[in-house]
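What follows is calculated from the coordinates using simple rules that are stated; it is not laboratory data. Computed from a predicted model, the values in this text were never measured in an experiment. Note that each Cβ is placed from the backbone with ideal geometry, even for glycine, and that neighbours are counted across all protein chains shown.
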Amino acid sequence: MKRILLGGLLALALVFTAHADVLALKSGHPDTYVVKKGDTLWDISNVFLKEAWLWPQLWHNNPQIKDPNLIYPGDTLNLVYIDGKPQLVLSRGRDVKLEPEVRATPLDRAIPAIPLESISAFLNRGRIVGAGELEAAPYVLSGKEGHIVGGAGDEIYARGSFKAEETSYGIFRKGEEFVDPDSHELLGVQALDIGLGKIVSMEKGVATLSLNRSTQEVRLGDHLLPEEVRHINASFFPSAPDNDIAGKLLAVEGGVSQIGYMSVVVINKGAREAIKEGNLLAIYKTGEVVRDPLTGESVKTPDFRAGLLMVFRVFDKVSYGLVLRAERPLKVGDSVHNP
C-alpha cells in the first residue's frame, strides 16, 4: 500500500554548505514571524532571505523545543544574531498535543516544505517507463458484458502475462515520449494514470479485475502495471546537485505552452546523473541572436537566469520538478543548471 510521508520540514541535523553563496537577508525583513495555516517552508524562507533555498543556514538548533524539526501554525520564529550570523529560533508557546487515538506525531499538521497539493498526483501515481515496457504489459481486453466503464466496483477483463504474486495493478495509457533534444536518446515514456484494479479471478490467461478507482474512462488496450509499493518522500530539503548539471526542460504538465510559478515540469536529467529529490536547479533562458550595429555580425547574447525549480521525483533518465520562482515566462527548451 502506498504511503505519503508528510513532513516538513526543518531538519536540524541538516547543515547545508552553499559553496560561494552568501546568506543575505531581504531588505525590510521582520524580526519575528508567526506561522500561519497554509504556510510552507518556502513561503517563510522568502520572507527573510533573498535566496530562499539557503534556509538551512538560517535555522538554529534549539534542543529545548519538543519536535524541533517540525513547525506548526501558531509557532513564532525569532530572528536573532549568534556569533554575528543571522539565525531563526523557534518559540513554541504551546505543546503540540496528540489526539487520544493517535499514536504518532501528527505530521499532517506540520507545515510542508513546498505545496504538496501541487505535486500530489505526481507523488502518488505519475510514472515514467522504458521503451516497450507498456507494450509488453498485460492489457484491457473488455469490460463486463462487453462494456467499458470507469467507476469504482466495475469489473474489467485483461489479458497478458501476469505475475503470480501480484494482485493489484495500475491501469495506464501511453502518454508523451521524452526524447533528449541534444542526443536524441529516448529517455522514457509517460504512463498516464487511468485507475487501479485488483485481480479477483483468473481463467485461461484472462484476468477479471475489480476497479478500485479511476481517473477517466478505461479503454480497450489500456495497459496494466503492478502497483508500486513505495514510500513517498514528501519532506523535501533544498540542496545543490552533487554534480555539475547542464540539462533542459523537456515538458510541462497541463498542456500549456508557457511555464510559470508552481508549474510541474520534466527535465532531461535523472538518477544516472546523480539527481536527487530536493535538488534545486536554476532555469536559464537562451540569449537572443542580435546584429552587431558596427560589424554587421550575428552575435548571441548570454543566457540569463529566469527561474528556479526543485526536483521532487526522480526516474533513471528524467525527473519531475516544481517551479518555485519564475522571473520571466519560461518554456520547453530552456536550460537548467546548478543554482
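General observations
- Lysine pairs within the stretch 126-232, Cα separation less than 21 Å, 8 or more sequence positions apart or different chains: 5
- Taking label positions 7 Å along the Cα-Cβ direction at both ASP292 and VAL332, the computed distance is 3.6 nm, reported to one decimal.
- Charge context of LYS300, other residues only, Cβ under 14 angstrom, K/R +1, D/E -1: -2
- Residues of type lysines that LYS248 reaches as a straight line, Cα spacing below 20 Å, ignoring anything fewer than 8 places off in the same chain: LYS269, LYS276, LYS285, LYS300, LYS317, LYS331
- Cα gyration tensor shape of the stretch 108-149, rounded if a/c is under 1.5, else prolate or oblate by comparing a/b with b/c: oblate
- Förster-model FRET efficiency, 22 Å R0, ARG272 and GLU166, C-beta, rounded to 0.05: 0.25
- The lysines within cross-link reach of LYS26, meaning a Cα-to-Cα straight distance under 18 Å and a gap of 8 or more places when in the same chain, are LYS50, LYS85.
- Electrostatic bookkeeping for ARG219 treats Lys and Arg as +1 and Asp and Glu as -1; over the other residues with beta carbon under 14 Å from its beta carbon, the sum is -2.
- Cα coordinate range in the stretch 292-334, projected on the principal axes (Å, largest first): 49, 24, 12
- Candidate lysines for bridging to LYS37, where Cα separation is under 18 Å - those fewer than 8 sequence places away on the same chain excluded: LYS97
- Positive contributions from Lys and Arg (+1) and negative ones from Asp and Glu (-1), summed over other residues with Cβ under 9 Å from the Cβ of LYS317, come out at -2.
- Extension reserve of the VAL80-LYS50 stretch, reckoned as 0.36 nm per residue once the Cα distance is removed: 9.1 nm
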